[in-house]
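Some notes on the structure that comes next.
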Amino acid sequence: SDHMENIYGYLMKYTNLVTGWQYRFFVLNNDAGLLEYFVNEQSRHLKPRGTLQLAGAVISPSDEDSHTFTVNAASGEQYKLRATDAKERQHWVSRLQICTQHHTEAIGKNNPPLKSRSFSLASQGSGNSPGVQRRPSQNAVSFFNVGHHRLPTGKRVPILQPDHLVDVREMMSQAEGQQRDLIRSIECLPVSGHLTSLDQDLLMLKATSMATMNCLNDCFHILQLQHASQQKGSLPAGTTISWLEPKISLSNHFKNGAAQSFPAEINKPASVREEQSIAEPCQLTREPEEINPDEELEDICDDKEDDLGAVEEQRSVILHLLSQLKLGMDLTRVVLPTFILEKRSLLEMYADFMSHPDLFIAITNGTTPEERMIRFVEYYLTSFHEGRKGAIAKKPYNPIIGETFHCSWRMLKSEVATDAGSNLPARSPSEQVTLSKDLEGQTELDYYTVKFVAEQVSHHPPVSGFYAECVERKMCVNAHVWTKSKFLGMSIGVTMVGEGLLSLLEHEEQYTFYLPCAYARSILTVPWVELGGKVNINCAKTGYSASINFHTKPFYGGKLHRVTGEVKQNTTNTVVCRVQGEWNSVLEFTYSNGETKYVDLTKLSVTRKRVRPIEKQGPFESRRLWQHVTESLRDGDIDKATEHKRALEERQRNEERLRAETETPWCTKYFLKEGDGWVYHKPLWKVVSAVQAQQTDTN
């Protein structure tokens, strides 16, 4: 090909956090399929400082800017490079992709499909044995000794009896052991050479064997439920059918060939045994609990998520995970590695969206419908910045069904804007701490209280409900969110399905709103978050609406985290306010009278939430439920965190199976199903209506 010429030139190479970016001289050797680099052009005749095999590599332009791209070799090694401009990046990316495709196809032509070849993994690690032995007469099935049983033809399959279920369970256990041996054998292969652990056929074999075992587990579960229903009358009360070991989770196989050890129960930490032994939620009290805000203390946790170490160290784990995902695949049931987790539950993340209670309370202080809609838009756009902890894209814990989170905020009344001209100065973090201490000595009349409660109301699909209210200002917000995650190649997309409703009871106004999509970009390098999509806010009574666009960064040029929007009066179609800027930096509001207001989110004061101490929390409150996982992550002990997380997830699966076997519906604690949504059991609008009705009857 005319494009298969050798090219060379200077590129910037990212070395590490300390050294950063350095200029290096790169050479693309098309004949050998190598990307080499040297300190400078003068040292080109010397041995290269580094070399990457391009066969099987992935060349990815970065989302973060128009100059950066990455080269991910099949061995797991990666170069993060930066060209001088977008044109030069495109030149290097296209030439590298052509070379990569040529040498990858050449390997494919020289190697027949897996079904016609076989590999002797037993010889791996032996110095005098060849790494690969080809025997056309032996296929992969016979090599791996995967046994199977054939039923005699013409015979009817009998109905399974209890002892037969035991036999099936024994066969399943044997199959799971063989599947684990298969995975271990593949992962023990070298990362370079003629046959590697990243061979496409072997990766496919890993994925399909895991999927097959999961399907067999599901089928066995159906047999158990069927048998339970047939024997329902003869089983003693309270008897449940035991279940085989947890379904194989992706994370169990991502230890680069290391066998997963499952210690005996007696060797497990007491905290793990405690996590597994907490009673079934429906057996606990499911009556709503009134949390006294006076029992809550100002939160002192400050877990920032800027640690790159775990992401850098576990890149091979991420590559293995990506090898088993397909474009558009739903990630709801995929068990993700523990090291990518934030140190908080998703329910607490929703609470952190309320970290500017002064802006929230100020909405109802607007003197006109137009002003109240603009204030709501301002609050809405400032809520996402604090919802993200740090610049690194990490994932909050998936809440367990029945999990709850409670907190509150106290806000001095003098700190809340009362009219359009009231622009209170932003407070520094030190001033905010002083203010929080001052609040402790204030009487109840001097501050507003905003109370928040969230509950995981459904597991499949994963739906969370959350509710916040300020009784003094007669305002509340109710929302439910179903998080749908999909694999998009080099990104992960999360769609927030659901609806929120803000009620301003003093004005008898209701505002419906929605949440944007979120994307974790550059998941092979340093993952980061951006928001995308168009959302609408609408107030049917006043006729005012807002349209907000969260812009994802274009491939070439453009700014990160850009947002634009407008507020208009629907009847006259008149735009009364326009907004532009970045949702995590500076927002500019331009009003119809020509005035402009700037909001710098980096300087905006954050009010710390108040949370009950863990020892006073219930067993299913987020921080107590996940405390051992959080502590292990803080200590950097990923294996211990994984063990605690697995115990919680297995307990949830056991509870779900028990409910299915006994046909017991799940009982929510704080939220009730209404139509397609979930509503707090005692929303402020119902309380106010009841009080007003009682006063009317009295009069």
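Restricting attention to the stretch 39-57, which residues are hydrophobic (A, V, I, L, M, F, W, C) and either closer than 14 Å to I7 by Cα or in contact (Cβ under 8 Å) with a residue 24 or more places away in the chain (or both)? Residues satisfying the conditions are L52, L54, A55, A57.
Applying the condition of being within 26 Å of S197 (Cα to Cα), part of a loop (DSSP other than H, G, I, E, B) and among the hydrophobic types (A, V, I, L, M, F, W, C) to the stretch 65-84 and asking which residue is least open to solvent (accessible area, probe 1.4 Å) yields A73.
Each row is one residue, and each column tells you yes or no for (1) outside any helix (DSSP H, G or I); (2) at pLDDT 85 or above.
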| position | (1), (2) |
| --- | --- |
| T642 | no, yes |
| W666 | yes, yes |
| L672 | yes, yes |
| V679 | yes, yes |
| V691 | no, no |
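Got a sec? Which of E455, E444, E440 is at pLDDT 95 or above and either touching a Lys or Arg at 6+ places or on another chain (Cβ under 7 Å) or surrounded by fewer than 21 Cβ atoms within 10 Å (Cβ to Cβ) (or both)? Break it down stepwise before answering.
Numbers: E444 fails: at pLDDT 95 or above; E440 fails: at pLDDT 95 or above.
It is E455.
Just one of the listed residues (E649, E674) is open to solvent by less than 50 Å² (accessible area, probe 1.4 Å) and of a type in the set (D, E), and it is E649.
For every residue, the table says whether it meets (1) over 30 Å from H551 (Cα atoms); (2) out of contact with any helix residue (DSSP H, G or I) (no Cβ under 8 Å at 6 or more places or on another chain).
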| position | (1), (2) |
| --- | --- |
| S43 | yes, yes |
| K47 | yes, yes |
| A55 | yes, no |
| E64 | no, yes |
| S75 | yes, yes |
| T84 | no, yes |
| K87 | no, yes |
| V93 | no, yes |
| H103 | yes, yes |
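Within the stretch 459-473, being open to solvent by less than 20 Å² (accessible area, probe 1.4 Å) and over 16 Å from P288 (Cα atoms) holds for V463, S464, C470.
Only one of K669, K640, K682 is in contact (Cβ under 8 Å) with a residue 60 or more places away in the chain, farther than 25 Å from W482 by Cα and not hydroxyl-bearing (S, T, Y). Can you tell me which?
Details: K669 fails: farther than 25 Å from W482 by Cα; K682 fails: farther than 25 Å from W482 by Cα.
None of the others qualify; the one that does is K640.
Taking the stretch 17-64 as the range and being assigned to a strand (DSSP E or B) and open to solvent by 70 Å² or more (accessible area, probe 1.4 Å) as the test, the residues that pass are Y23, Q53. Candidates in the stretch 323-345 are the residues that are outside any loop (DSSP other than H, G, I, E, B), open to solvent by 20 Å² or more (accessible area, probe 1.4 Å) and not acidic (D, E); of these, the one that is modelled with the lowest pLDDT is S323.
Suppose we keep only residues that are modelled with pLDDT of 90 or more and in contact with a strand residue (DSSP E or B) (Cβ under 7 Å, 6 or more places away or on another chain) within the stretch 351-362. Which one would you say is most open to solvent (accessible area, probe 1.4 Å)? Going through the qualifying residues, I end up with D358. Among the conditions (1) open to solvent by less than 30 Å² (accessible area, probe 1.4 Å); (2) within 26 Å of the chain's Cα centre (by Cα), T552 misses just one, which is (1).
For the stretch 535-549, the set of residues classified as surrounded by fewer than 17 Cβ atoms within 10 Å (Cβ to Cβ) and in a loop (DSSP other than H, G, I, E, B) consists of A540, K541, G543, listed by residue number. Scanning the stretch 609-640 for residues being acidic (D, E) and at pLDDT 90 or above gives a total of 3. Only one of the numbered conditions (1) open to solvent by 40 Å² or more (accessible area, probe 1.4 Å); (2) assigned to a helix (DSSP H, G or I); (3) modelled with pLDDT of 70 or more is not met by G193, and that is (2). Here Y514 clears all of (1) open to solvent by less than 20 Å² (accessible area, probe 1.4 Å); (2) of a type in the set (S, T, Y); (3) at pLDDT 90 or above except the condition numbered (1).
The values are calculated or read from the model by the stated rules, or taken from the named source; none is laboratory data. Since the model is a prediction, treat every value here as computed from it, not as a measurement. Glycine also receives a Cβ, built like all others from the backbone with ideal geometry; neighbour counts cover every protein chain displayed. Side chains are part of the model used for accessible areas, which takes the heavy atoms of the whole protein and leaves out ligands, DNA and RNA. Shrake-Rupley method; radii C 1.70, N 1.55, O 1.52, S 1.80 Å.
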